[in-house]
Amino acid sequence: MTDTTPGLLDRYQFQLRRLHSLSGIVPIGFFLLFHLLTNSTAFLGAERYDTHVQQIHDLPWLPVIEFLFIFLPLAFHGILGIAIAWQGKLNVRQYPYMDNWRYTLQRITAWITLVFVAIHLLHFRFAYWFGVPEYASAHPYFFAFTQKGFLHLWLPAWLWICMYVIGVSAAAFHFCNGIVTFCITWGITVGVESRKKLSLVAGVLCIVLMLWGFVSLYALTTMTRPAHGAAEAARGSEQRISTPYMARHETPSAARE
Amino acid sequence: MDKVIHFKIKRQDGPNSQPYWEEFKMPYAPQHNVISALLYLREHPVNTRGQRVAPVAWESNCMEEVCGACSMLVNGVPRQACAALVDDLEQPIVLEPLTKFPIIRDLAVDRQKMFDALIRVKAWVPLDGSQDVHEPAPRISPADQALRYVYSRCMTCGCCMEACPQYHDHSDFIGPALFGQVALHNSHPTGGFFKADRLHALMDPGGIAGCGNAQNCFKVCPKDIPLTHAIGELGRQTTVQWLRDLLMK
Ligand code: SF4
Ligand code: SF4
Ligand code: FES
């Protein structure tokens, strides 16, 4: 309410906040669901995982899609989010209401998720900056390549797993609580009752997403052979089984342990 | 002096001076509220160290929780001191001025920001004169009346602002009480004439986008004003207004 000329961020505060809220659901939230879906195919076996990842890599215009629907929205949501986070003065100690806890956790999980996404991107998508082969080059042994990223890259496996458990949980909470605040912000749930019901649904969804993520993590870090040998046989890909999964990437740079 | 009422009060001599704590004890009498106890202390302004000091300053008017003037933090909770009964409170009773408004002196704060904001959002029903307009008064359904009655009880006391994590001196956020008033006046048949103006005011910097959905405001409001309902309703109204601005201009 001061009369200094407002910056862009202030002048378009309403529009930017609405887009910020929207971008968290579409496309970022949808991408999160899709990502969890693909990852969890690891639980159905390395073969399934490799097939699904390959399908994604086969998409036309992939770099453009990746930039427009993943990197750009993530950067927008993250950068604006940092600006927004400074506007609040947390007071949950004085007012320990459930909704105030959620408001506070939404900010805490935002920071955790931000760091986690950065780590996650460096860990897989941009690991080649540090001399690791590009993810796409793992074709067609994505499962093995990913597993190696967890078990034999830079850090001890337990540390990666801890980071991912925390990161996935934070992202799941942030997304699900974001659905609730999205519906308030845009005026979809107006009454207190409707909000309570939605919160309940979001809470269940949050748990489901967490478990879903953990299942993928479990599969990618512990399953050593295709779980569904039958599916393997059905494809008659004998020679594929005999190919040692790691063989392609036992290059000196990737094999440091 | 067996039974006493023990106060611990955060004082400040002027808008820019340093705050300090001072304690007072007064003889117990049943059925005191915080304001009536402060009235006693005004007559006997002697602190617990036996010094005679300047009496504590505060504001009050109605003494029945309808004017909002006596809002302060009583044992850390923003509420009306006149409605805070000493017998219900844990001692020592800690009194502090509201923290989100400039301090005038001791417990008295300047809530002008809220009144300025009411002007900004045109929180009134426009009248174009007192002549006969040859129309009956607009009709309002009992259900609407009931909801509007609740909104109309807002006394601009500032408790909701106090509890809101988004409202403080480094933010230009207009604050939760205003949402109740905009919802009230937008829903009035004649007040609705200014609906677009009010929504545009809320879409300006510091408007509804400043809300972080913590919902503290609703929890602390002494008048149970459904502020979160108002925020949801205005979220919807601003969405529609935004689309209208985008598509029809
Ligand atoms: S909405 Fe409630 S807490 Fe806020 S100013 Fe009005 S009466 Fe006070
Ligand atoms: S719901 Fe909005 S206005 Fe109310 S306390 Fe939370 S941030 Fe403040
Ligand atoms: S004196 Fe009016 S509300 Fe307390």
Do you know which residues across the range B:52-79 are within 14 Å of chain A (Cβ to nearest Cβ) and among the hydrophobic types (A, V, I, L, M, F, W, C)? B:Leu73, B:Val74, B:Val77
Kindly list, by first and then second residue, each pair from a residue in the range A:178-207 that is among the basic types (Lys, Arg) to a residue that is not in a helix (DSSP H, G or I), limited to pairs with Cβ atoms under 8 Å and residues at least 6 apart or on different chains. A:Arg195/A:Thr189
Which pairs have Cβ atoms under 8 Å, sit 6 or more apart or on different chains, and link a residue in the range B:23-36 that is within 18 Å of B:Asn47 (Cβ to Cβ) and modelled with pLDDT of 95 or more to one that is among the charged types (D, E, K, R) and not in a loop (DSSP other than H, G, I, E, B)? B:Glu23/B:Lys8
Spot the failing condition for B:Phe7; the list is (1) surrounded by 14 or more Cβ atoms within 10 Å (Cβ to Cβ); (2) assigned to a loop (DSSP other than H, G, I, E, B), and only one is missed. (2)
Under 7 Å by Cβ, and 6 or more places apart or on different chains, what pairs join a residue from the range B:80-97 that is under 15 Å from B:Glu23 (Cβ atoms) and more than 14 Å from chain A (Cβ to nearest Cβ) with one that is more than 16 Å from ligand 2 (Cβ to nearest atom) and of a type in the set (Phe, Trp, Tyr)? B:Pro92/B:Phe7; B:Ile93/B:Phe7; B:Leu95/B:Phe7
Selection from the range B:221-249 of residues that are facing chain A (nearest Cβ under 8 Å) and among the charged types (D, E, K, R): B:Glu233, B:Arg236
Out of B:Met161, B:Met155, I need the residue that is within 16 Å of ligand 3 (Cβ to nearest atom) and within 13 Å of chain A (Cβ to nearest Cβ). Which one? B:Met161
Mind checking whether some residue in the range B:128-147 is closer than 13 Å to B:Ala117 by Cβ, at pLDDT 90 or above and more than 14 Å from chain A (Cβ to nearest Cβ)? no
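When you scan the range A:40-127 for helices (runs of 4 or more DSSP H) that lie fully inside it, which ones turn up with 1 or more residues that are within 14 Å of chain B (Cβ to nearest Cβ)?
On the way: elements: A:46-57, A:62-66, A:72-85, A:98-120.
Here the list reads A:72-85, A:98-120.
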Which of the residues spanning the range B:205-220 are within 7 Å of chain A (Cβ to nearest Cβ), closer than 20 Å to A:Tyr12 by Cα and in a loop (DSSP other than H, G, I, E, B)? B:Pro205, B:Gly206, B:Gly207, B:Gly212, B:Asn213
For B:Gln181, state whether it is within 10 Å of another protein chain (Cβ to nearest Cβ), within 16 Å of ligand 1 (Cβ to nearest atom), within 19 Å of the chain's Cα centre (by Cα) and not basic (Lys, Arg). no
Anything in the range B:67-87 that is surrounded by 16 or more Cβ atoms within 10 Å (Cβ to Cβ) and over 20 Å from B:Phe101 (Cα atoms)? List them, or say none. B:Ala83, B:Ala84, B:Val86
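The values are calculated or read from the model by the stated rules, or taken from the named source; none is laboratory data. This is a predicted model, so every value here is computed, not measured. Positions of Cβ are generated from backbone atoms using ideal geometry, with glycine treated the same way; all protein chains shown enter the neighbour counts.
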